[in-house]
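Taking it in order: structure first as C-alpha coordinates, then the write-up.
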Amino acid sequence: MSILDNPAWAALNGPHQGLAEVHGRARRYPVDVSPFVGVPLGDDDGARADLRALVGPGGSLVMIGNGVAVPEDWTVDFSGDGVQLVATDRLGTAPFGDAVVLGDEDAEEMLDLTARTKPGPFLPRTHVMGTYLGVRREGRLVAMAGERLHPPGWTEISAVCTDPDFRGQGLGTRLVQAVGHGIRARGEIPMMHAAATNDSAIRLYRALGFEIRREVSFFAARAPAAEGALEYGT
(Lines give C-alpha, C1' and ligand atoms only; values in the text may rest on other atoms or scores of the structure.)
Protein backbone atom coordinates (compact mmCIF):
# COMPACT_ATOMS: atom_id res chain seq x y z
CA MET A 1 0.00 0.00 0.00
CA SER A 2 2.99 2.36 0.23
CA ILE A 3 2.27 3.49 -3.33
CA LEU A 4 -0.73 5.33 -1.85
CA ASP A 5 1.57 7.53 0.25
CA ASN A 6 2.04 9.74 -2.84
CA PRO A 7 -0.93 8.91 -5.07
CA ALA A 8 -0.75 11.77 -7.59
CA TRP A 9 2.95 11.12 -8.25
CA ALA A 10 2.27 7.40 -8.64
CA ALA A 11 -0.63 8.02 -11.02
CA LEU A 12 1.26 10.52 -13.19
CA ASN A 13 4.17 8.11 -13.48
CA GLY A 14 1.87 5.15 -14.11
CA PRO A 15 -1.58 4.77 -15.67
CA HIS A 16 -2.00 8.54 -16.13
CA GLN A 17 1.40 9.23 -17.66
CA GLY A 18 -0.33 9.95 -20.97
CA LEU A 19 -1.97 12.96 -19.30
CA ALA A 20 1.18 14.15 -17.52
CA GLU A 21 2.94 17.42 -18.21
CA VAL A 22 6.54 16.87 -17.13
CA HIS A 23 9.57 18.93 -16.12
CA GLY A 24 12.38 16.92 -14.56
CA ARG A 25 10.91 15.08 -11.59
CA ALA A 26 7.76 17.19 -11.36
CA ARG A 27 4.48 16.09 -12.92
CA ARG A 28 1.09 17.70 -13.28
CA TYR A 29 -2.23 17.21 -15.02
CA PRO A 30 -3.31 19.70 -17.70
CA VAL A 31 -4.86 22.74 -16.03
CA ASP A 32 -8.33 21.96 -17.43
CA VAL A 33 -8.19 18.35 -16.14
CA SER A 34 -7.02 18.53 -12.54
CA PRO A 35 -5.05 20.86 -10.23
CA PHE A 36 -3.07 17.95 -8.76
CA VAL A 37 0.70 17.77 -9.16
CA GLY A 38 3.20 15.11 -8.19
CA VAL A 39 6.78 15.24 -6.95
CA PRO A 40 8.81 12.63 -5.04
CA LEU A 41 8.37 12.49 -1.29
CA GLY A 42 11.00 14.09 0.86
CA ASP A 43 13.04 17.27 1.14
CA ASP A 44 14.32 17.53 -2.42
CA ASP A 45 15.48 20.94 -3.67
CA GLY A 46 15.85 19.62 -7.20
CA ALA A 47 12.27 18.43 -7.34
CA ARG A 48 11.06 21.74 -5.94
CA ALA A 49 12.98 23.59 -8.66
CA ASP A 50 11.39 21.32 -11.27
CA LEU A 51 7.97 22.04 -9.79
CA ARG A 52 8.59 25.78 -9.92
CA ALA A 53 9.57 25.55 -13.61
CA LEU A 54 6.61 23.32 -14.46
CA VAL A 55 3.96 25.48 -12.78
CA GLY A 56 5.44 28.80 -13.87
CA PRO A 57 5.23 32.25 -12.22
CA GLY A 58 1.94 32.70 -10.41
CA GLY A 59 0.92 29.13 -11.16
CA SER A 60 -1.14 27.14 -8.67
CA LEU A 61 -1.36 23.52 -7.60
CA VAL A 62 -3.07 21.10 -5.25
CA MET A 63 -1.34 18.25 -3.43
CA ILE A 64 -2.47 15.29 -1.37
CA GLY A 65 -0.06 13.63 0.98
CA ASN A 66 2.30 13.93 3.86
CA GLY A 67 6.00 14.56 3.38
CA VAL A 68 5.67 16.60 0.15
CA ALA A 69 7.10 20.09 0.59
CA VAL A 70 6.49 23.09 -1.65
CA PRO A 71 9.09 25.87 -1.98
CA GLU A 72 9.18 28.15 1.06
CA ASP A 73 8.37 31.33 -0.87
CA TRP A 74 5.09 29.97 -2.26
CA THR A 75 1.76 31.13 -0.87
CA VAL A 76 -0.40 28.42 0.69
CA ASP A 77 -3.98 29.38 -0.21
CA PHE A 78 -5.63 26.44 1.55
CA SER A 79 -4.64 23.56 3.78
CA GLY A 80 -6.73 20.96 5.54
CA ASP A 81 -6.79 17.54 7.08
CA GLY A 82 -8.28 14.50 5.43
CA VAL A 83 -8.38 10.74 5.42
CA GLN A 84 -7.49 8.14 2.83
CA LEU A 85 -9.79 5.14 2.66
CA VAL A 86 -9.28 1.79 0.95
CA ALA A 87 -11.83 -0.86 0.06
CA THR A 88 -12.03 -4.06 2.07
CA ASP A 89 -13.69 -7.36 1.22
CA ARG A 90 -16.84 -5.96 2.84
CA LEU A 91 -17.39 -3.55 -0.06
CA GLY A 92 -20.22 -4.91 -2.14
CA THR A 93 -20.08 -3.77 -5.76
CA ALA A 94 -22.61 -4.16 -8.55
CA PRO A 95 -23.67 -2.46 -11.79
CA PHE A 96 -26.38 0.20 -11.47
CA GLY A 97 -28.95 -0.05 -14.20
CA ASP A 98 -30.02 3.59 -13.90
CA ALA A 99 -26.47 4.87 -14.39
CA VAL A 100 -25.10 6.10 -17.72
CA VAL A 101 -21.51 6.74 -18.74
CA LEU A 102 -20.75 10.46 -18.90
CA GLY A 103 -18.42 12.06 -21.44
CA ASP A 104 -17.54 15.22 -23.32
CA GLU A 105 -21.14 16.00 -24.19
CA ASP A 106 -22.05 15.96 -20.48
CA ALA A 107 -19.19 18.16 -19.27
CA GLU A 108 -21.27 21.32 -18.80
CA GLU A 109 -23.85 19.50 -16.69
CA MET A 110 -21.13 17.78 -14.66
CA LEU A 111 -19.55 21.15 -13.92
CA ASP A 112 -22.92 22.58 -12.92
CA LEU A 113 -23.69 19.69 -10.56
CA THR A 114 -20.27 19.76 -8.90
CA ALA A 115 -20.39 23.55 -8.56
CA ARG A 116 -23.64 23.22 -6.62
CA THR A 117 -22.67 20.24 -4.46
CA LYS A 118 -18.93 20.88 -3.85
CA PRO A 119 -17.51 17.32 -3.86
CA GLY A 120 -13.98 18.63 -4.51
CA PRO A 121 -12.01 20.03 -7.45
CA PHE A 122 -13.76 19.36 -10.76
CA LEU A 123 -12.69 21.04 -14.00
CA PRO A 124 -13.94 21.04 -17.62
CA ARG A 125 -12.00 17.87 -18.54
CA THR A 126 -11.74 16.07 -15.21
CA HIS A 127 -13.90 13.32 -16.74
CA VAL A 128 -10.98 12.15 -18.93
CA MET A 129 -9.23 10.82 -15.81
CA GLY A 130 -11.46 7.72 -15.79
CA THR A 131 -15.01 6.43 -16.04
CA TYR A 132 -17.74 8.73 -14.74
CA LEU A 133 -21.27 7.49 -14.17
CA GLY A 134 -24.36 9.62 -13.75
CA VAL A 135 -28.06 9.31 -13.04
CA ARG A 136 -30.64 11.35 -14.92
CA ARG A 137 -34.18 12.13 -13.91
CA GLU A 138 -36.39 13.55 -16.66
CA GLY A 139 -33.24 14.24 -18.65
CA ARG A 140 -31.53 16.16 -15.84
CA LEU A 141 -28.21 15.02 -14.35
CA VAL A 142 -28.95 14.62 -10.63
CA ALA A 143 -26.12 12.41 -9.31
CA MET A 144 -22.67 11.24 -10.35
CA ALA A 145 -19.45 9.57 -9.26
CA GLY A 146 -16.28 8.65 -11.10
CA GLU A 147 -12.61 7.77 -11.18
CA ARG A 148 -9.89 10.32 -10.43
CA LEU A 149 -6.33 9.46 -9.32
CA HIS A 150 -5.07 6.15 -10.65
CA PRO A 151 -1.95 4.84 -8.88
CA PRO A 152 -0.89 1.45 -10.28
CA GLY A 153 -3.24 -1.22 -8.95
CA TRP A 154 -5.63 1.30 -7.40
CA THR A 155 -8.28 3.75 -8.57
CA GLU A 156 -9.73 6.61 -6.56
CA ILE A 157 -13.52 7.04 -6.51
CA SER A 158 -14.28 10.75 -6.50
CA ALA A 159 -16.84 13.46 -7.35
CA VAL A 160 -19.57 11.57 -5.47
CA CYS A 161 -22.44 14.04 -5.44
CA THR A 162 -26.23 14.24 -5.57
CA ASP A 163 -28.50 17.17 -6.28
CA PRO A 164 -30.11 18.25 -2.99
CA ASP A 165 -33.58 17.62 -4.45
CA PHE A 166 -32.74 13.94 -4.98
CA ARG A 167 -30.88 13.04 -1.79
CA GLY A 168 -32.09 10.25 0.43
CA GLN A 169 -32.69 7.87 -2.48
CA GLY A 170 -29.39 5.97 -2.19
CA LEU A 171 -28.06 7.26 -5.50
CA GLY A 172 -24.60 8.05 -4.11
CA THR A 173 -24.32 4.58 -2.58
CA ARG A 174 -25.37 2.85 -5.79
CA LEU A 175 -22.95 4.94 -7.86
CA VAL A 176 -20.00 4.24 -5.54
CA GLN A 177 -20.80 0.53 -5.78
CA ALA A 178 -21.10 0.73 -9.58
CA VAL A 179 -17.83 2.63 -10.04
CA GLY A 180 -16.19 0.19 -7.64
CA HIS A 181 -17.55 -2.69 -9.71
CA GLY A 182 -15.76 -1.39 -12.79
CA ILE A 183 -12.52 -0.90 -10.87
CA ARG A 184 -12.57 -4.43 -9.50
CA ALA A 185 -13.37 -5.79 -12.98
CA ARG A 186 -9.94 -4.46 -14.03
CA GLY A 187 -8.31 -6.28 -11.12
CA GLU A 188 -7.72 -3.06 -9.17
CA ILE A 189 -8.74 -1.88 -5.71
CA PRO A 190 -11.01 1.11 -5.04
CA MET A 191 -9.77 3.87 -2.75
CA MET A 192 -11.06 7.31 -1.75
CA HIS A 193 -10.16 10.56 -0.02
CA ALA A 194 -12.40 12.65 2.20
CA ALA A 195 -12.04 15.78 4.28
CA ALA A 196 -11.58 14.90 7.94
CA THR A 197 -14.48 17.21 8.78
CA ASN A 198 -16.88 15.40 6.42
CA ASP A 199 -18.19 13.03 9.08
CA SER A 200 -21.29 11.98 7.14
CA ALA A 201 -19.31 10.93 4.07
CA ILE A 202 -16.75 9.05 6.14
CA ARG A 203 -19.49 7.19 8.02
CA LEU A 204 -21.14 6.25 4.72
CA TYR A 205 -17.91 5.02 3.12
CA ARG A 206 -17.01 2.97 6.19
CA ALA A 207 -20.50 1.48 6.25
CA LEU A 208 -20.12 0.52 2.59
CA GLY A 209 -16.91 -1.38 3.30
CA PHE A 210 -14.04 1.11 3.17
CA GLU A 211 -11.59 1.51 6.02
CA ILE A 212 -9.39 4.46 6.89
CA ARG A 213 -5.81 3.71 5.90
CA ARG A 214 -4.23 6.93 7.15
CA GLU A 215 -4.66 10.61 7.77
CA VAL A 216 -3.51 12.92 4.97
CA SER A 217 -3.04 16.60 4.35
CA PHE A 218 -4.50 18.57 1.47
CA PHE A 219 -3.11 21.90 0.38
CA ALA A 220 -3.35 24.39 -2.44
CA ALA A 221 -0.35 26.62 -3.12
CA ARG A 222 0.61 29.35 -5.54
CA ALA A 223 4.04 30.21 -6.95
CA PRO A 224 5.31 33.80 -6.73
CA ALA A 225 4.46 36.02 -9.68
CA ALA A 226 7.25 36.89 -12.09
CA GLU A 227 9.58 39.60 -10.80
CA GLY A 228 8.15 43.00 -11.60
CA ALA A 229 4.66 41.67 -12.33
CA LEU A 230 1.68 43.29 -10.62
CA GLU A 231 -0.17 41.14 -8.12
CA TYR A 232 -3.94 40.86 -8.58
CA GLY A 233 -5.71 43.77 -6.97
CA THR A 234 -2.71 46.11 -6.95
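Report the net charge of residues surrounding LEU4, where surrounding means a beta-carbon distance below 9 angstrom and charges are Lys +1, Arg +1, Asp -1, Glu -1. Counting the neighbours of LEU4, the net charge comes to +1.
Extension gain for GLU108 to ASP73 (0.36 nm times residue separation, less C-alpha to C-alpha distance): 9.0 nm. Each listed q (0.10, 0.11, 0.18, 0.24 Å⁻¹) maps to a log10 I(q)/I(0) for the range 138-234 from the Debye sum over equal C-alpha point scatterers, namely -0.40, -0.47, -0.89, -1.39. Overall form of the range 69-190: oblate. Here a/c, set by the Cα gyration tensor axes a ≥ b ≥ c, is 1.5 or more, and a/b is not larger than b/c.
As a length-normalised measure over Cα pairs under 8 Å and 6 or more apart, the relative contact order of the range 72-140 settles at 38 percent. Sequence-distant contacts, meaning Cα pairs under 8 Å at least 6 residues apart, place the relative contact order of the range 1-134 at 23 percent.
For the chain, the relative contact order comes to 29 percent (Cα pairs under 8 Å, sequence separation of at least 6). Against the chain, whose longest principal axis comes from its Cα atoms, helix 199-208 is set at around 60 degrees.
So which chymotrypsin sites (Phe, Trp or Tyr not before Pro) in the range 141-234 pass both tests, a DSSP loop state and at most 15 other Cβ atoms within 10 Å of the Cβ?
Those that pass, being in a loop and sparsely packed, are TYR232.
Starting from the Cα of LEU41, move 7 Å in the Cα-to-Cβ direction to define the label point; list residues of the range 81-121 whose amide nitrogen is under 18 Å from there. So the set is 82-86.
Apolar share of the accessible surface for the chain: 50 percent from carbon plus sulfur atoms, 1.4 Å probe. Under the classification rounded if a/c is under 1.5, otherwise prolate if a/b is larger than b/c and oblate if not, where does the range 1-64 fall, given a ≥ b ≥ c as square roots of the Cα gyration tensor eigenvalues? Note, shape of the range 1-64 comes out oblate. Would you please classify the overall shape of the chain from the alpha carbon gyration tensor, given that a ≥ b ≥ c denote the square roots of the eigenvalues, rounded means a/c under 1.5, and beyond that prolate means a/b larger than b/c while oblate covers the rest? Prolate, since a/c reaches 1.5 and a/b exceeds b/c. With respect to the chain, whose longest principal axis is taken over its alpha-carbon atoms, helix 107-117 is tilted by about 90°. Computed over protein heavy atoms with a 1.4 Å probe, the accessible surface of the chain works out to 47 Å² per residue. Only one residue of GLY120, THR93, PRO30 has its Cα farthest out toward the positive end of the dipole of the chain, where Lys and Arg carry +1 and Asp and Glu -1 on Cβ, and that residue is THR93.
The values are calculated or read from the model by the stated rules, or taken from the named source; none is laboratory data. Here the structure is a predicted model, which is why all the values come from computation and not from measurement. Here the Cβ is made from the backbone with ideal geometry for all residues, glycine too, and neighbour counts use every protein chain on show. Areas reflect the complete protein model, heavy atoms only, side chains present, ligands, DNA and RNA absent. Shrake-Rupley method; radii C 1.70, N 1.55, O 1.52, S 1.80 Å.
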